[in-house]
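As C-alpha cells, the structure follows; a few thoughts come after it.
The values are calculated or read from the model by the stated rules, or taken from the named source; none is laboratory data. The structure displayed is predicted, hence computed values, not measured ones. Every residue, glycine among them, receives a Cβ derived from its backbone with ideal geometry; neighbour counts consider all protein chains shown.
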Amino acid sequence: MVELLRKLTEARGVSGNEDEVRDIIKGEISPLVDKVYTDGIGNLIAYKKGKSPDNKKRIMLCAHMDEVGFIITSISENGMLKFRPVGGIDPRILISKRVHIGKNRIPGVLGIKAIHLQEPNERKNAVKVEQMYIDIGANSKEEAAKLVKLGDYAIFDSKMVEFGENKIKAKALDDRVGCAVLIEVLKEEYEYDVYACFTVQEEVGLRGAGVAAYHVEPDIAMVVEGTTCSDVSGVDEHMYSTIMGSGPAITIMDGSSISNKKLVDMLKALGDAKGIPYQLKKGTTGGNDAGMIHTSKEGVATCVVSVPCRYIHSPSSVMDKSDFKNTIELVKEFVKGCE
Amino acid sequence: MKDLLKKLTETYGPSGNEEEIRRVIEEEMHEYVDEIDIDVMGNLIAYKKGNGQGKKVMLSAHMDQIGLIVTHIDDNGFLRFSNVGGISVLNTINGRVIFKNGIMGTVSYEEEIENIKDIKLNRMYIDIGASDREEATEKVSIGDVAVYYSPLAESNGRYIGGAMDNRAGCALLIKTIKELKDCKNDAYFVFTVQEEVGLRGAKTSAYAINPDVGIAVDVTSTGDTPKARTMAVKLGAGPAIKVKDGSVICHPKVKDLMIDRAEDIDIPYQIEVLEWGGTDAGAIHLTREGIPSGAVSIPCRYVHSANEMVDEKDLENGVKLLVKILENEIEL
C-alpha cells in the first residue's frame, strides 16, 4: 500500500495534465474491474459489475487525480521563467522550493530577490507570486526555450518519505491518497455496480466530477479526499478541522455540499459496528467534488470521507498510515453496507 | 395569513434539515393538489393538473432557513459554531437560538475582544446553559444546527419574525394552491431545500420537472429604511416583480407577463432591481437547455436577522398575482 502511494504521489498531474497519474491508476485497476475508460474531459471511469443479478443500484466512488502546481507563462530575457499557480497555493510557502517542469522533469528552483536587496516595505509584506520566478539554470531566453515551452506544467520536486510514528510525507496527498483508497477498495467484490471515478480538475473548480456524475447517473455517491488537518501549535482546539490518527473524517457540511444525512448516519453506524475509528470534520469551509455530484441531474445522495493531511497544497503534506488503512476499511464497509 | 405565517416561521428547518418544515407544509396543502413527491435532495414537489392546454410551470419557494452549525463542544460545555448560509456577526450577538430538539441557547463572543470589528463567527459561541462537555453532549452533537428563536409578532399590519426568508414565500405558494380554481396550466409547486447555501434544491428539481416556465417566490430587500442602500422597493407597496439580481436576469417575457397580470387585476406592484443576492430562479433558468424564468418577491426588511418584517397586504396581493398568472394562458 505504501508503494502504491509512493508511485501515485510522485507522479506529475497538475490540473489539466493528469495523464501520468491516469496511466498509473489504469494499470493498477484494469485487472480488478470489468471496464475502464477515459471520458471527454479526461476522467478515468472504472466499472465493476456487482455480483447481485437483479441489482439496479449504482454506487459512484470518486477521488480526484489532479494536484495543485504551476504553469509557465513567460520566459524572461535572462532565462528565468515566470509562472502562475494552478489551484490554491499559499505563495509564502514557495520560496526556495524545488520544482520539476514538463514531461522531461527539468529541475528548477523558485527564486526571489535576496532579502538585502528588498525595500523595507517589501520585507514586511508577504511575498506575491508575481515577485517570484523559476530558475532553471539557463543563461538566456534562447537557452531556456530549448528546455521549456510556455504552458508547460511544473510540480513540486518531492519524494515520498516514511518518518516518525507511522507517518508519511509527500506532495499531492490531496488527493492521491483518495485515489489509492479507491484502488484498494476495488480489490474486493461487491453486490452492487460500482463506478470508481478518478476525476480531473478538482483543484480549479470541481470540473471533472460534474461531467462524470452526469454520465454515471449514480444512486449513491461517495467522495474520498485528503483533507486539511489543523491539529497543530498555535491553533485553538475548536479550530481543528480534523485530528491526525483519529481515523477517517466524515463531512457533515462544507462550502460545496451538505452530506446526505442517511449516509452520514450509516457511516457512523458502520464505524461503530465494525470498530473502525472515525471523526466528524469540524470546519465547514472549502469544497470538493461532492459539490458537483450531489446536484447532478435530479440529485444524488452523496457523502464525503477524508484522510486527514497536514500542510496540504504544499510539497510536504503529512498523513498517518493508520488513517489511510481505516479509510479503506470504512469505504469498503460502506460499499457493502449500501446493499 | 397570520396563523399560517406563524406556523411556518416558528417551525424548524435550516438548510439540510428541512424535515419538519416539509412535514408542516405538506400537511397544509396536500388535500389541494393532485400529487406529492419528495425527491432525493428533500425537495417537496406538489403537482396540480391543468386543463391540458397550458404550459408546464414550476413555482419555487425555498423552505430552508439560515442557521448555526455546531463544530465543537469545549470542556465547559460551550458550543463553537459555523454558519449555514448568510449568518452575520451583528445579527447574531446576544440573540437566542433554538435547536431541533427545543434546546435553547444564547450567543456570545470571547470577552477579550475589544473592537467589534474583530468579532468573527469562529470567536463566538452558543451557551446552552450546560456546565460541562458531558452535559452539553447529552443535548447537542457536532453537526446539529440551531436557528434564531423568534416567535411571530404583529404590528400595524406588519409581521415581525424569523425565517420570513422564505417562509413568507412558502405561505404565498400554499395560499395560491388553496385559492386556485380554474388552473389552465400544469403547476408544479416546489418547496426547495438548500437555497441559502447555493440554490441547490432548485437546481435538481428544475432538472427533474423540466418546466416551460420557472417562477421563484422569495423575499427581497427594501430601500425604505433610514439611510438604506438605494433600492426602489418599499414595504407595503405591493409584490415586487423582479428584473434582475445577482443570480438571474429575468426573462423579459416572463417579467412582462407578470406586469400584465398585475395590471389586469389592478393590484399595486413594484419593479425590483436587486444589486446583490440571488434566488432559486438563478438555478432554474440555467437548467438543461435554459428555462424562461422570473420571480415574484415579497418586500422584507432586515433580511437574515431574527426579526425580519413583511407586510400583510404585500402577501395578499402576491397570492392574487400568482393565482391570476396560473389561471390565464401563458404565452412566451
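Every listed requirement among (1) in contact (Cβ under 8 Å) with a residue 60 or more places away in the chain; (2) outside the structural domain of A:Glu191 (by TED's automatic domain parsing) is met by A:Pro91 save one, (1). For region A:95-102, the criterion of being of a type in the set (A, V, I, L, M) and surrounded by fewer than 18 Cβ atoms within 10 Å (Cβ to Cβ) is met by at least one residue. All of A:Ile59, A:Ile45 fail the test of being in contact with a Pro (Cβ under 9 Å, 6 or more places away or on another chain), crowded, with 18+ Cβ neighbours inside 10 Å, outside the structural domain of A:Glu130 (by TED's automatic domain parsing) and in a strand (DSSP E or B), apart from A:Ile59. The requirement of being within 18 Å of the chain's Cα centre (by Cα) and touching a residue at least 60 places away in the same chain (Cβ under 8 Å) is satisfied by A:Met1. The set of residues from region A:63-83 being of a type in the set (D, E, K, R) and closer than 20 Å to A:Ser316 by Cβ comprises A:Asp66, A:Glu67. Inside region A:142-166, residues that are touching a residue at least 40 places away in the same chain (Cβ under 8 Å) and within 18 Å of the chain's Cα centre (by Cα) make up a count of 8. If you go through region B:170-200 and pick out every residue that is part of a helix (DSSP H, G or I) and either within 12 Å of the chain's Cα centre (by Cα) or farther than 16 Å from B:Ala295 by Cβ (or both), you end up with 10.
The residue that is farthest from the chain's Cα centre (by Cα), among those in region B:82-113 that are within 14 Å of chain A (Cβ to nearest Cβ) and among the hydrophobic types (A, V, I, L, M, F, W, C), is B:Ile113.
I'd like the residue in region A:268-283 that is basic (Lys, Arg) and within 30 Å of B:Asn83 (Cβ to Cβ) and, out of all such residues, is surrounded by the fewest Cβ atoms within 10 Å (Cβ to Cβ).
A:Lys268
Among the conditions (1) at the interface with another protein chain (Cβ under 8 Å from one of its Cβ atoms); (2) of a type in the set (Val, Ile, Thr); (3) in contact with a Phe, Trp or Tyr (Cβ under 7 Å, 6 or more places away or on another chain), the only one that A:Ile250 does not satisfy is (1).
Mind checking which residues of region B:58-74 are assigned to a strand (DSSP E or B) and either within 12 Å of B:Leu199 (Cα to Cα) or within 14 Å of chain A (Cβ to nearest Cβ) (or both)? Within region B:58-74, B:Met58, B:Ser60, B:Ala61, B:His62, B:Gln65, B:Gly67, B:Leu68, B:Ile69, B:Val70, B:Thr71, B:His72, B:Ile73 qualify.
Apart from one condition, A:Leu117 fits all of (1) touching a helix residue (DSSP H, G or I) at 6+ places or on another chain (Cβ under 7 Å); (2) surrounded by fewer than 18 Cβ atoms within 10 Å (Cβ to Cβ); (3) within 30 Å of A:Ala138 (Cα to Cα); (4) aliphatic (A, V, I, L, M); the exception is (1). Just to be sure before I move on: is A:Lys169 basic (Lys, Arg) and outside any helix (DSSP H, G or I) in the structure I sent? For A:Lys169, the condition - basic (Lys, Arg) and outside any helix (DSSP H, G or I) - is met. Of the residues making up region B:34-61, those that are out of contact with any His (no Cβ under 9 Å at 6 or more places or on another chain) and either among the aliphatic types (A, V, I, L, M) or not assigned by TED's automatic domain parsing to the domain that holds B:Val190 (or both) are B:Ile38, B:Leu44, B:Ile45, B:Val57, B:Met58, B:Leu59, B:Ala61. Among the residues of region A:221-258, those identified as at pLDDT 95 or above, part of a loop (DSSP other than H, G, I, E, B), in contact with a helix residue (DSSP H, G or I) (Cβ under 7 Å, 6 or more places away or on another chain) and not aliphatic (A, V, I, L, M) are A:Gly245, A:Gly247, A:Pro248, A:Ser256, A:Ser257. Check A:Lys35 against each of (1) charged (D, E, K, R); (2) over 20 Å from the mean Cα position of the chain (by Cα); (3) within 26 Å of A:Asn326 (Cα to Cα) and name the one condition it does not meet. Of the numbered conditions (1) charged (D, E, K, R); (2) over 20 Å from the mean Cα position of the chain (by Cα); (3) within 26 Å of A:Asn326 (Cα to Cα), the odd one out for A:Lys35 is (3). Count of region B:142-169 residues, restricted to those that are closer than 22 Å to B:Ile87 by Cβ, outside any strand (DSSP E or B) and either within 14 Å of another protein chain (Cβ to nearest Cβ) or in contact with a helix residue (DSSP H, G or I) (Cβ under 7 Å, 6 or more places away or on another chain) (or both), is 9.
Is it the case that some residue within region A:298-321 is hydroxyl-bearing (Ser, Thr, Tyr), farther than 16 Å from A:Met60 by Cα and within 11 Å of chain B (Cβ to nearest Cβ)? No, the conditions are met nowhere in region A:298-321. Considering B:Asn307, B:Asn328, the condition of being polar (S, T, N, Q), surrounded by fewer than 21 Cβ atoms within 10 Å (Cβ to Cβ), touching a residue at least 24 places away in the same chain (Cβ under 8 Å) and within 18 Å of B:Val213 (Cβ to Cβ) is satisfied by B:Asn328 alone. For region B:74-120, give me each residue that is touching a residue at least 24 places away in the same chain (Cβ under 8 Å) and at positive phi. Once the filter is applied, which keeps residues that are touching a residue at least 24 places away in the same chain (Cβ under 8 Å) and at positive phi, region B:74-120 yields B:Gly77, B:Gly85.
Just give me the residues in region A:238-247 being within 11 Å of another protein chain (Cβ to nearest Cβ) and either on the phi > 0 side of the Ramachandran plot or aliphatic (A, V, I, L, M) (or both), in sequence order. Within region A:238-247, just A:Met239 meets the criteria. Residue count for region B:311-332, restricted to those that are under 17 Å from the mean Cα position of the chain (by Cα) and either modelled with pLDDT under 95 or among the small types (Gly, Ala, Ser) (or both): 1. Quick check: is even one residue across region A:23-32 closer than 30 Å to A:Val161 by Cα, β-branched (Val, Ile, Thr) and not in a helix (DSSP H, G or I)? Within region A:23-32, none of the residues are closer than 30 Å to A:Val161 by Cα, β-branched (Val, Ile, Thr) and not in a helix (DSSP H, G or I). Counting only residues that are closer than 16 Å to A:Val304 by Cα and not aliphatic (A, V, I, L, M), which one in region A:170-187 is surrounded by the fewest Cβ atoms within 10 Å (Cβ to Cβ)? Looking at the filtered set, the residue picked out is A:Asp174.
If you go through region B:10-54 and pick out every residue that is touching a strand residue (DSSP E or B) at 6+ places or on another chain (Cβ under 8 Å), more than 20 Å from B:Lys175 (Cβ to Cβ) and away from chain A (no Cβ under 14 Å), you end up with 2. Selection over region A:273-297 of residues that are more than 10 Å from chain B (Cβ to nearest Cβ) and free of Cβ contacts under 8 Å to residues at least 40 places away in the same chain gives a count of 2.
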